[in-house]
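Participant: There's a structure below that I have some questions on.
Please treat every number below as a calculation from the coordinates, not as lab data. Here the structure is a predicted model, which is why all the values come from computation and not from measurement. Using ideal geometry, Cβ is built from the backbone for each residue, glycine included, and neighbour counts are taken over all protein chains shown.
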């Protein structure tokens, strides 16, 4: 007897609807992407001026790369296994001690 197996994959992207802006001092600045190879890039940024988190934590979300919660305490992040010829959009937030992502964050398309 043959059994069929089903696999469902869901992608949920949450967009904040409250229009909150926590101020520039809580958000990282100068978010850049430098291509390292046909399948990789390095994201880098300047640290936020203020944070209640020590060490300061950042979260990166890149929906097209199916990367949704990349966390780091560094001010750069290496991403590999990318598809050549694809444009990737990412958003970067600094994270509060309670886990809140300061808004609006910064965006980049590479």
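Participant: At 0.36 nm per residue, minus the direct Cα-Cα distance, what do residue 87 and residue 71 gain on full extension? Give it in nm, one decimal, please.
Facilitator: 3.6 nm
Participant: Now for a different question. Rounded to a whole number of µm²/s, how large is the Stokes-Einstein D of the stretch 24-109 at 25 °C and 0.890 mPa s, given Rh as the Kirkwood radius over C-alpha pairs?
Facilitator: On the way: Rh = 13.0 Å.
Here the translational diffusion coefficient equals 188 µm²/s.
Participant: Listed highest first by mean packing, meaning other Cβ atoms within 10 Å per residue, what order do 29-35, 61-67 come in?
Facilitator: Ranking the peptides 29-35, 61-67 by packing returns 61-67, 29-35.
Participant: Set the Förster distance to 30 Å, then compute FRET efficiency between residue 109 and residue 54 from the Cβ-Cβ distance, nearest 0.05. Don't skip to the end; give the middle numbers.
Facilitator: Numbers: r = 31 Å, r/R0 = 1.04.
Plugging the Cβ-Cβ distance into 1/(1 + (r/R0)^6) gives 0.45.
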